[in-house]
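Notes follow once the structure below has been shown.
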Amino acid sequence: MNMVLHELKAYRKSTILWTCALVAMVVLLLSMFPTFARDADQFKSLLQTMPEAVLKAVGVQIETITSILGFYAYVFMYISLCGAIQAMNLGTSILSKELREKTADFLLTKPVTRTQIVTSKLLAALISLLITNVIYLAASTIMVLAVKNGDFEISKLMMISVTLFFIQLIFMALGFFVSVLVLKIKSVLPISLGTVFAFFIIGMLGATTGDGAIRYFTPFKYFDPAYIMQHASYEGPFLWLGLGIVMAAIVISYVVYRKRDIHAV
């Protein structure tokens, strides 16, 4: 428990900054909705002049963009991108920092097992993400209620918002996986940004080409807001795929970390 608290304290500033950034982002983007809603017809006419491939790539659906849920689904695409960077950065750094800061040997001399080390760091990362998501969920809900232009199903709003946590879990687990495979990570940010943007671009290309198979290769497309708005549920195959990736990445991380030679230099 002491190790969990230590990690939470170490990443407290990062958690606060990322949480504030996500809240500021959703507030800023949703504050634009009343303007779009007032000029809905003109806005739709403008969108219809744009190539369909471009609209699909940026996540715009003309039929729903002027409704509060449709607009939220559009901006959520970019909010989830920022959330994924936070999670990937956290997952990659929380294990590898012992090597970067040359404290691995010192940590392993303590009366704790490697399994306990990984478990404590994993719990700390999960708690940090939960704190971020609880605050974001409250802020996004309040903001949507403040700018809405009609009735909507709040359960669907919640379902879309919660997928931020699901996406973050996947990228956090991938970060764990990368941190145990790469022996020396000098800088976490390039790895985090490169991985997240690669998956994001794959998702945009898949949306542009209409190739449904590409969805399986990017977590950003596992939880489609349009599907959630239409069916009030998640797509089972992608939900299980996401869970499988998280479990596999974490299990492999445990196995590799327990067997790997770790040096502080």
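The values are calculated or read from the model by the stated rules, or taken from the named source; none is laboratory data. Just so it is clear, the model here is predicted, and its values are computed rather than measured. Neighbour counts are summed over all protein chains in view; Cβ atoms, including those assigned to glycine, are modelled from backbone coordinates with ideal geometry. The protein model used for the area step is the full one, side chains on, heavy atoms only, and it has no ligands, DNA or RNA in it. Shrake-Rupley method; radii C 1.70, N 1.55, O 1.52, S 1.80 Å.
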Legend entry - Protection proxy ranking, peptides 61-67, 42-48, average beta carbon neighbours within 10 Å, highest first: 61-67, 42-48
Legend entry - Degrees separating the helix 68-100 axis from the principal Cα axis of the chain, which is the longest one: 10
Inset, instruction - Pop out the Kirkwood hydrodynamic radius of the stretch 153-198 from its pairwise C-alpha distances, inverse of mean 1/r, in Å to one decimal. - result: 12.3
Legend entry - Length-normalised contact order for the stretch 2-259 - Cα pairs under 8 Å, 6+ apart - percent: 28
Legend entry - Alpha-carbon spread of the stretch 197-265, three principal axes, descending order, Å: 51, 24, 17
Legend entry - For the chain, accessible area per residue (1.4 Å probe, heavy atoms of protein chains only), Å²: 50
Inset, instruction - Quantify, in whole percent, the carbon and sulfur part of the accessible surface of the stretch 2-259 (1.4 Å probe; protein heavy atoms only). - result: 69
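Sorted by average packing, counted as other Cβ atoms within 10 angstrom per residue and highest first, what order do 189-199, 167-177, 203-213 take? Intermediate values should be presented prior to the final figure.
Values: 189-199: 16.4, 167-177: 25.5, 203-213: 14.7.
Peptide ranking by packing, descending: 167-177, 189-199, 203-213.
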Legend entry - Using alpha-carbon coordinates, inclination of helix 12-30 to the longest axis of the chain, degrees: 10
Inset, instruction - Enter the Cα centre distance for the pair the stretch 46-65 and the stretch 201-265, rounded to the nearest angstrom. - result: 25
Inset, instruction - Work out, step by step, the length gained on full extension between LEU8 and ALA226: first 0.36 nm times the residue separation, then minus their alpha carbon distance; give nm to one decimal. - result: 74.9 nm
Inset, instruction - Subtract the Cα-Cα distance of ILE142 and CYS82 from 0.36 nm times their separation in residues, and report this length gain in nm to one decimal. - result: 19.6 nm
Legend entry - Volume of the Cα convex hull of the stretch 127-265, divided per residue and given in Å³: 142
Legend entry - Principal axis dimensions, largest first and in whole angstrom, of the chain by Cα: 67, 37, 30
Legend entry - Label zone at ARG114, where the point sits 7 Å out along the Cα-to-Cβ direction: the stretch 168-209 residues whose backbone N lies under 20 Å: 173-186
Legend entry - Rounded tilt (10° steps) of 236-259 against the dominant C-alpha axis of the chain: 20
Legend entry - Calculated FRET value between CYS20 and GLU52, using beta carbons and R₀ = 30 Å, to 0.05: 0.25
